[in-house]
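Participant: Mind having a look at this structure? Questions to follow.
The values are calculated or read from the model by the stated rules, or taken from the named source; none is laboratory data. Remember, predicted model here, so these are calculated numbers, not experimental data. Reconstructed Cβ throughout: ideal geometry from the backbone, glycine too, with neighbour counts over all protein chains shown.
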């Protein structure tokens, strides 16, 4: 009577160990970069692939970046819209601005306040002759 539950316990334990070990192996495949290394990577890594993001309305591109050692996906936001008047569902907004620069300013402010661990690293990067926002994309994130 106790043989079946004991076998199930061993099977469950083996499954948990396998799943845990797989997670550690997967996590160790990606190098852990400091914030300064992430900034440098975003600024200097070569763009090896680009495509439009699947979601959003801010003309974001999904880039694959590589420095020869590390390859990682990044987000490249192009939006920098300035209008004297914008009609929105909530009403009219005068001097409307929607810009990637707000994300960079928010990150820099978070750094000054010591809260930068709550935000992804944002940098301004020039690519194809245009300055825009760049950030790393978390694995499994659509965008």
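Participant: Conditions first: (1) at pLDDT below 85; (2) surrounded by 14 or more Cβ atoms within 10 Å (Cβ to Cβ). Residue 29 passes all but one, so which condition is the exception?
Facilitator: (2)
Participant: Regarding the stretch 106-118, can at least one residue be identified that is under 22 Å from the mean Cα position of the chain (by Cα), surrounded by 12 or more Cβ atoms within 10 Å (Cβ to Cβ) and at pLDDT below 90?
Facilitator: Checked the stretch 106-118: at least one residue is under 22 Å from the mean Cα position of the chain (by Cα), surrounded by 12 or more Cβ atoms within 10 Å (Cβ to Cβ) and at pLDDT below 90.
Participant: Which residue, of 126, 78, is at pLDDT below 95, assigned by TED's automatic domain parsing to the domain that holds residue 57 and surrounded by 14 or more Cβ atoms within 10 Å (Cβ to Cβ)?
Facilitator: Working: 126 fails: surrounded by 14 or more Cβ atoms within 10 Å (Cβ to Cβ).
Step by step, each of 126, 78 is checked, and only 78 is at pLDDT below 95, assigned by TED's automatic domain parsing to the domain that holds residue 57 and surrounded by 14 or more Cβ atoms within 10 Å (Cβ to Cβ).
Participant: For a quick check of your reading of the model, give me the residue pairs whose first member lies in the stretch 57-85 and is farther than 22 Å from residue 101 by Cβ, whose second is assigned to a loop (DSSP other than H, G, I, E, B) and modelled with pLDDT of 90 or more, with beta-carbon atoms closer than 9 Å and at least 6 apart or on different chains.
Facilitator: From residues that are farther than 22 Å from residue 101 by Cβ, the pairs are 66/45; 67/45; 68/45; 70/45; 71/45; 72/45.
Participant: Let me ask something additional. Can residue 117 be described as over 27 Å from residue 32 (Cβ atoms) and free of Cβ contacts under 8 Å to residues at least 60 places away in the same chain?
Facilitator: It is false that residue 117 is over 27 Å from residue 32 (Cβ atoms) and free of Cβ contacts under 8 Å to residues at least 60 places away in the same chain.
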